[in-house]
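Peer 1: I'd like to ask some things about the structure below.
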Amino acid sequence: MDIMYKSTRSKGEKVTASQAILKGLADDGGLFVPDFLPAFDVPLSRLPEMDYRETAYEVMKLFLSDFTEEELKACIHDAYDDKFDTEEIAPLVKKDGAYYLELFHGRTIAFKDMALSILPYLMTTAAKKNGVKNEIVILTATSGDTGKAALAGFADVPGTSIIVFYPKNGVSPIQEKQMVTQRGANTNVIGITGNFDDAQTGVKQMFHSKELAERMGEKGYQFSSANSINIGRLVPQIVYYVYAYGQLLKQGGIEVGEKINVVVPTGNFGNILAAYYAKHMGIPIEMLFCASNENKVLFDFFQTGKYDRKREFILTSSPSMDILISSNLERLIYRIAGEDADRTKALMDALSGEGEYEITQEMREGLSCFEAGFATEEETAETIRNVYRGADYIIDPHTAVAAHVYYEKAKDRGQKTVVVSTASPYKFTRSVTDAIDREKYDKMTDFELVDELYKLSGVSVPAAIEEIRTAPVLHDTVCDKSEMQAAVERILGL
Ligand SMILES: *Cc1c(COP(=O)(O)O)cnc(C)c1O
């Protein structure tokens, strides 16, 4: 049966998967969700024999049912190739009893590569299928990792251009260097004086502006999104949970059908939502642990049923999780509200109006498979240090937030647990070496720390880091958060 996509905020028209990918966001400001969650129909016992691409095809064909087999397989083969530094694509490594799912072996060494390696292919295929003649302008707000992964994915892709906004003082030096050295005539990178939520809000406003869309149309442009609100990001993220289950079987960690837990370091709620979808497709996942840093708005939500973004925004050592408005939570809210679009819209309006909303007791019952935890900055550093000393394994601060929650809440529950590892420690050298031995590394530059990290870990320095050591800065525009649209108009010549 063909799957269709509908908005979380109105009972409007349904669109096909390819149309949902092209549009990014529904016209009413809602997010696209599938009209049913398909069951995974390959026997679990076959998973250990399937490589990443085969697994990807079996999962994605269920959601992207208007893509032909040939189209989808071509997208998958072009995406998951030697851009990744390991044939496994997403290795599962056991350390101190936990199974770390390493999602950082792609071109920009963070988990965003898992979906953003394939999104440009899905997008251009979708454009062809729908007879789109306009140039597609990818407009993206980033807390650090999406920006670079999207830039790398869309650079010089014909028929597209990309504009990335990032918080000027809210990303790590290596994250910033990765973005501002991006090559490609169709790439644009702009720092804003504001935080990630400001960037995301500005981008959403431009998406909503009918007036802007009209002027763009006249010049032959249309927007789409590479943020995790795009269903073309979410679907490829389901794949690695299915793959991880297969790898656990293959390693003899579990028997077919045995339940596992997952711990996910969470910001915009895209990654953990993909795990939730995998569970509801029939992958034996018992509990989903939502791990937050000090911006623990999600922890409080799962504890109390009240989402309250009215609080101080804290810059932490896990900047890709410094988020107070977790966009993808809307898809979960919609589901636990019994797919009631009016109710979802009322809650989201309350969030943007009053800065908070509260769900009903009945809705809270739909959250029983979630448990939440958080790590303070001190706990994050302590976890990096302990895992290094105890297991001779170096993890980045985002992964450390999840590992902390694993030790605190998941370790002793009886099930095998997958800790989702979302970034290479090489992307956050300063925080990692600070955690291990601050006195020794304090005086060194970020790039000297790269070499020190190599000495500590024995893991070779990723190409993504070698590249930017000497690369020239190609983007140096900074604007106020109120000038984002003006910047876009200038770039597009509107
Ligand atoms: C984006 C990101 C996260 C958060 O993922 P969400 O899908 O936004 O919840 C965690 N860790 C890293 C390294 C990231 O880049």
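The values are calculated or read from the model by the stated rules, or taken from the named source; none is laboratory data. Because the structure is a prediction, the values reported are computed rather than measured. Neighbour counts run over all protein chains shown; Cβ positions are idealised from the backbone, glycine included.
Peer 1: Scan (1) within 15 Å of the ligand (Cβ to nearest atom); (2) modelled with pLDDT of 95 or more; (3) assigned to a helix (DSSP H, G or I) for the single condition L212 breaks and write down its number.
Peer 2: The single condition L212 does not satisfy is (1).
Peer 1: Regarding Q200, is this residue in a helix (DSSP H, G or I), under 17 Å from the mean Cα position of the chain (by Cα), within 16 Å of the ligand (Cβ to nearest atom) and at pLDDT below 95?
Peer 2: yes
Peer 1: Where in the range 128-195 are the strands (runs of 3 or more DSSP E), entirely inside, with at least 1 residues that are within 13 Å of the ligand (Cβ to nearest atom)?
Peer 2: 135-141, 160-167
Peer 1: Which pairs turn up if I take residues in the range 133-162 that are on the phi > 0 side of the Ramachandran plot and look for partners that are surrounded by fewer than 20 Cβ atoms within 10 Å (Cβ to Cβ) with beta carbon separation below 7 Å, at least 6 apart in sequence or on another chain?
Peer 2: D156/G184; D156/A185; D156/N186; G159/T124; G159/E135
Peer 1: Under 6 Å between Cβ atoms, which residue pairs at least 6 apart in sequence (or on different chains) link something in the range 186-202 that is farther than 17 Å from E176 by Cα with a partner that is outside any helix (DSSP H, G or I)?
Peer 2: Listed by first residue and then by second, the contacts come to N186/S161; D197/L324; D197/I325; Q200/A141.
Peer 1: Kindly list the number of the only condition in (1) among the hydrophobic types (A, V, I, L, M, F, W, C); (2) buried (at least 24 other Cβ atoms within 10 Å of the Cβ); (3) farther than 21 Å from A20 by Cβ that fails for I254.
Peer 2: For I254, the failing item is (2).
Peer 1: Give just the number: which of (1) at positive phi; (2) touching a residue at least 12 places away in the same chain (Cβ under 8 Å); (3) over 24 Å from the mean Cα position of the chain (by Cα) does F269 not satisfy?
Peer 2: F269 satisfies all of (1) at positive phi; (2) touching a residue at least 12 places away in the same chain (Cβ under 8 Å); (3) over 24 Å from the mean Cα position of the chain (by Cα) except (3).
Peer 1: Another question, if that's okay. Tell me yes or no: at least one residue of the range 256-265 is in contact (Cβ under 8 Å) with a residue 60 or more places away in the chain and out of contact with any Leu (no Cβ under 9 Å at 6 or more places or on another chain).
Peer 2: Taking every residue of the range 256-265 in turn, at least one turns out to be in contact (Cβ under 8 Å) with a residue 60 or more places away in the chain and out of contact with any Leu (no Cβ under 9 Å at 6 or more places or on another chain).
Peer 1: I'd like to verify a number: residues in the range 232-276 that are farther than 26 Å from E87 by Cβ and basic (K, R), how many?
Peer 2: Qualifying residue count, the range 232-276: 1.
Peer 1: Could you grab me the full set of residues in the range 81-101 that are under 17 Å from T55 (Cα atoms) and in contact with a Phe, Trp or Tyr (Cβ under 9 Å, 6 or more places away or on another chain)?
Peer 2: Within the range 81-101, F84, E87, E88, I89, A90, P91, L92, L101 meet the criteria.
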